[in-house]
Amino acid sequence: MEPTMKLACADFTFPLLSHEKSLDLIAALEFDGVDIGLFENRSHLWPSTQFADVEGSAKKLKRQLDDRGLRAADVFLQVDADLHAYTINHPESARRDRARDWFGRTMDYAAALAANHVTALPGMPIDGEQAEVSRARAVDELQWRVAEAAKRRIDFGVEPHLGSIACNPAAAAALLKDVPGLTWTLDYTHFTRQGIPDATTEPLLENATHFHVRGAREGRLQAPFKKNVIDYRRIYDRMREWHYDGWIGIEYVWMDWEHCDECDNVSETILFRDFFRSMA
């Protein structure tokens, strides 16, 4: 039996609404799941406030989701809006300790929320440091996170992204070899924006446990449905071949970065929702 398609929408897609209104909209758009963003100084829900009472905060959010017939598809941790400030491979041990501590709290938060997937970032290049040194530190940190996630029986994926140590498919594939058990929260758009073809990215799909969708083209990380060049129909066919059973999260964002404030997020989300529904 093929896995049933599970569609989610990110709660950080609609930042001009309150969080509760964002959840109302996601429910009105008839999604089954929500990708929860815990982005310090950026999203509706900040780790620093949610973690003051991890279990209480998560249970409150779960009630809000339950009331709307929604499930938590993923919890995505970003420790600071400046991705270098607390990157997992920061040379300062105190900053790495903060990142580890918040990762552990995120795992507890996800468990209380009944979410079985957590996403984090793979690490960043460090100015003034040899690339292999920065990467080795990231590998150590990712190995620790994979082990912690396994203890809790929660799937853990990292998102290869622009500017990271996994900024292209080759770098991501090499990281996978060094961190057994690592999986991807895969978003083709970070590669498409660089002009990297789908065929080069596709091998990563086999190790994906969560998947992000939005339109993109060369030079644009985020683009409307009608200008999208990613072949999501082929991607979905491959997902079925490889028995992918994770969520497909439609993840339009609205921010003054990479032209990401130039799309109508409601309309584009609906277009991609309907596109995937047509293949179910």
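Quick note: the coordinates plus some simple rules give every number you see, no bench work behind them. Nothing here was measured: the structure is a model prediction, and the numbers come from that model. Backbone-built Cβ (ideal geometry, glycine too); neighbour counts: all protein chains shown.
Cα gyration tensor of region 23-68, axes a ≥ b ≥ c as square roots of the eigenvalues: rounded (a/c below 1.5), prolate (a/b > b/c) or oblate?
Oblate.
Taking one equal scatterer on every alpha-carbon of region 174-262, how large is log10 of I(q)/I(0) by Debye at q = 0.10, 0.14, 0.23 1/Å?
-0.26, -0.50, -1.20
Could you give the length gained on full extension between Lys177 and Thr49, defined as 0.36 nm per residue of separation minus the Cα-Cα distance, in nm?
Result for the pair: 42.5 nm of gain on full extension.
Quick check: from the Cα gyration tensor, does the chain come out rounded (a/c under 1.5), prolate or oblate?
Rounded shape, in that the Cα axes give a/c under 1.5.
What is the extension gain from Arg240 to Asp67, computed as 0.36 nm multiplied by their sequence separation minus the C-alpha to C-alpha distance, in nm to one decimal?
59.2 nm
Can you give the charge dipole size of region 138-217 about its Cα centre, rounded to the nearest 20 debye, using +1 on the beta carbon of Lys and Arg and -1 on the beta carbon of Asp and Glu?
Dipole about the Cα centre, nearest 20: 180 debye.
Return the calculated 222 nm mean residue ellipticity for the chain, to the nearest 500 deg cm²/dmol, obtained by summing -39500 (n - 2.57) across DSSP H runs with n ≥ 4 and dividing by the residue count.
-12000 deg cm²/dmol
So what J values fall out for region 229-245 if you push phi through Karplus, 6.51 cos²θ - 1.76 cosθ + 1.60 with θ = phi - 60°, rounded to Hz, Gly and Pro as x?
Along region 229-245, the couplings run 10, 6, 8, 5, 5, 5, 4, 5, 4, 5, 4, 5, 4, 9, 6, 4, 10 Hz.
Debye calculation, C-alpha points only, no solvent: report log10 I(q)/I(0) for region 87-128 at q = 0.14, 0.20, 0.28, 0.35 Å⁻¹, in the same order as the q values.
Debye output, listed in q order: -0.38, -0.66, -0.95, -1.16.
Which aspartates and glutamates, on any chain, are close to Lys227 with Cα under 12 Å apart, when same-chain ones fewer than 8 places away are left out?
Cα-Cα hits under 12 Å: Glu218, Glu268.
For region 134-164, list residues with backbone N below 20 Å from a point placed 7 Å from the Cα of His259 toward its Cβ?
161-163, by backbone N distance to the label point.
Strictly over 26 Å apart at the Cα level, which of Lys21/Lys59; Lys6/Lys177; Lys21/Lys151; Lys6/Lys60; Lys59/Lys151; Lys177/Lys226 would you flag in this model?
Checking Cα-Cα distances, Lys6/Lys177; Lys21/Lys151; Lys177/Lys226 exceed 26 Å.
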